[in-house]
Amino acid sequence: MNFISRLASWYFTRSALPYWCILLIDYLIIIFCGYLAFYLFCGGAEVTSHFWPIFWSLIALLVPYTIAFRVFHTYSGIFRYSSFVDLGRVALAMLLGTAIAVICYIPFHHFFPEWKHEFLQYPYRLAVFLLFATSFMCAARVVVKTVYDLFRVDNYSKRIFIYGAHDGGISLAKSIRNETPNRYTIKGFISSDASLQGKWLLGLPVYGEKENIAELMRKQNVSTLMVSPLQTAHFREQEELVNSLISEGIKIMMLPSSAKEWDGKSELRYNQLHEVDIEDLLPRDKIVVDMQAIGRQLNESRILITGAAGSIGNEIVNQVARFEPKELILIDQAETPMHDVRRMMANDFPNLSCQTIVASITNQTFMENVFHRFRPDYVFHAAAYKHVPMMEDNPAIAVQNNIYGTRVIADLAVKYGTKKFVMISTDKAVNPTNVMGCSKRICEIYCQALNKYVEEKKKAGGEDSPCTQFVTTRFGNVLGSNGSVIPIFKEQIAKGGPVTVTHPDIIRYFMLIPEACKLVLEAGTMGKGGEIFVFDMGKPVRIADLAQRMITLSGAKNCQIQYTGLRDGEKLYEEVLNDAEHTLPTVHPKIMVAKVREYDYEKACQDEERLLEASYTGDDMAIVKIMKEIVPEFKSRHSKYEALD
C-alpha cells in the first residue's frame, strides 16, 4: 500500500505528468470519441471501411481544438487539483474549437464541394461527438483527481472534522485536500443549518451540532476540530459543545483572536488557524466600529497618550498611529516598556513623527512643558495604577498618581486648548468596594465637573474661552492585559498548579484589548463633552470555569484549583452602573451613556486638595475616610477600611 501511494504521488506530479502529456491525452480522447460517434450512427462495417478518412478528419479537427485549448489553458492545470472551474474550461474550449472548425469549414466547402468531412457536414454526428469528447475529458480529470485523493493520504495524517459547512468550511476543506503531503484527513462536517444535516458535502457526511459530536469524533478516532472563520462567533456560543470537546481532549483550531477577520472572499488556508487559547473561546459578540470616521477626526492631529506603555495605552497607540496623525506624544513612567514602544514605532510606523517621553503625570512642571511644546489636539488618558490589592495597601499613591495625575493632565488640556480629553475608567468605579475603584470614580467626578465649568465659561466669555470636551469611558477586564488572570493562570498551570481562584462564585466581564480600544476611540470621537460612556461587555464569565477550561486545554494532569478567599476590596461581581444611574443609547449598539450625579467644580477642587494634602501624611485610614466622604457609595469589603463605613 505504501508503494502504491508513493507511486501515485510521483505519477501525478507536474514532472511525471507534464503539459504535453495532458494535451496528448485530450487528443486521444478526441480521436476515440470520433470513432465512437461514427460507430453509433454507421455501424462497425462503415468504421472499418472508412477508418483512414475518419482518422484524417479527426486530425484536421485537432487544429481548431488546439487553438481553443490554448485560449482556455485546459492543459496548463494539474490533474490532481481539477475543480469545477477546470471542467467548465474544458467544456468552453470544446465549444470554441467546434465553432472555429465550423466557421472554417463553410467557406472551404464552398470552394471545394467535392471534399467531404466525416463530422462537419453532419451536424447531429458532430453534436454527439462533441458531447462524448467533452464528457470523456471531464471524466478523465475527475478520475485522476479521485485516484490521487485515494492514494495520497499519509498514514500519519490526523483525522479531523470541520465546523461550518458553507463557504468558509468548503474553502477550508479544499485547502486541506490540496496539500501535499496530506497532514489532515477530513472525516465530516458539523453544521448548525438544519437543511444540511444528514446530507453529504464533498463526499463527506454533514452532522448536526446538537448530536453528541464529541463522542462521535472519539468513536471515529478524530482528534481535531477546525472551525470555519465564518462560524467562529457562533461556535463560541455553543458552550456545551465546546466543553464536551475539551473534556474529550479534542484539539480545537480556529483563527486567533488577534488575527484580521477573514473577508469570506480571499483564499483561506488551514494554516491560518491555530490551536485555541482560552480567550479565543470566551463567548462575545462581534464589535463593529466605523474606524474610517474615527480616522477622519484624528488624521493630521497632534495626539497625546498617557500610560502609552500599558496594555490599553499601547493598543491605543497602535490603532491611532494607523490614522497617520500629525504627531504622537507618548508618555509613561516605565522606562523599559517605553523603550519597547519606541522600537515598535520605529519599526511599524517609521514615517510618523513620534515623541516617547519617560515621565510621571504627577510632575506638573514637566507636564506643562510637554503641553506648551506640543499643544496636543487630543488626549487619551490611560495612565493609572490599576491593581486592586496594591492600591488597597497604598492609598496615598492611588491618590497622588490616579487622582492628582488626572487633574494635572486635565487642567493642562484646558489651559493649552486641547479639543478633547478621553479618560479611561473602569467598572470598578461603580459602587466601589476598593481604593482603586474609588480613585477612578473621583477622577470621573473631576473630569465631569471640569467639563461643566469649561462649558459655562465658554458661554459667558465667547469664542476665545477654553473649549476642551471631557469624555470618560468605562469597561471591565481586558483579556491578556498585564497582570490579568489569564497570564497568571497560564504560569501556574505550567508549574503544575495549583491554579488559585479567590472564590468559586466570582465572575468577571471580559473584552479583547483591541475591541476595548476601538470602543474607546469610537466613544471618544462621538462624545460632545461631559458623558460617561459604558460598554456592553457581553456575558460575564465565572472565573472558576475559566480556570478549569484552561487546565483542560493545556492537557495538564492533576492540576487542581485552589480557592484562596476574596482579596481586600474585591467583590464577587463588577457593575457597570450604580443603583441611582441609568443609561441612554447611542448610535453604537455597544456603547451607552451613563446618567450620573453631577458635582460642582469648586467643590470637586476642594475635595481633591483636601485628599492630596492627606496623602502626604501617609495615614491610610485618614486618606480613605476622605475618599468615602467624596464618594458615599464607596463601601469597603474584606478590608481594614470597613471600620470607616
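So here's what we get for this one:
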| read-out | value |
| --- | --- |
| Dimensionless Rg over Rh [segment 492-627; C-alpha; Kirkwood] | 1.08 |
| Under-5 Å amide H pairs with residue 184, H placed in peptide plane, nonlocal only | 158 |
| Principal axis dimensions, largest first and in whole angstrom, of segment 297-443 by Cα | 45, 31, 27 |
| Cα pair distances of segment 588-645 binned at 5 Å [whole percent] | 4, 15, 21, 18, 15, 12, 8, 5, 2, 0 |
| Amide H partners (placed H, <5 Å) of residue 423, local residues excluded | 381, 471, 472, 473 |
| Rg followed by Dmax, in Å, when segment 399-546 is reduced to its Cα trace | 18.5, 66 |
| Residues with amide H under 5 Å from that of residue 501, placed H, sequence gap 5 or more | 562, 563, 564 |
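Throughout, read-outs are computed from the coordinates displayed, never taken from laboratory work. Source: prediction; values computed, not measured.
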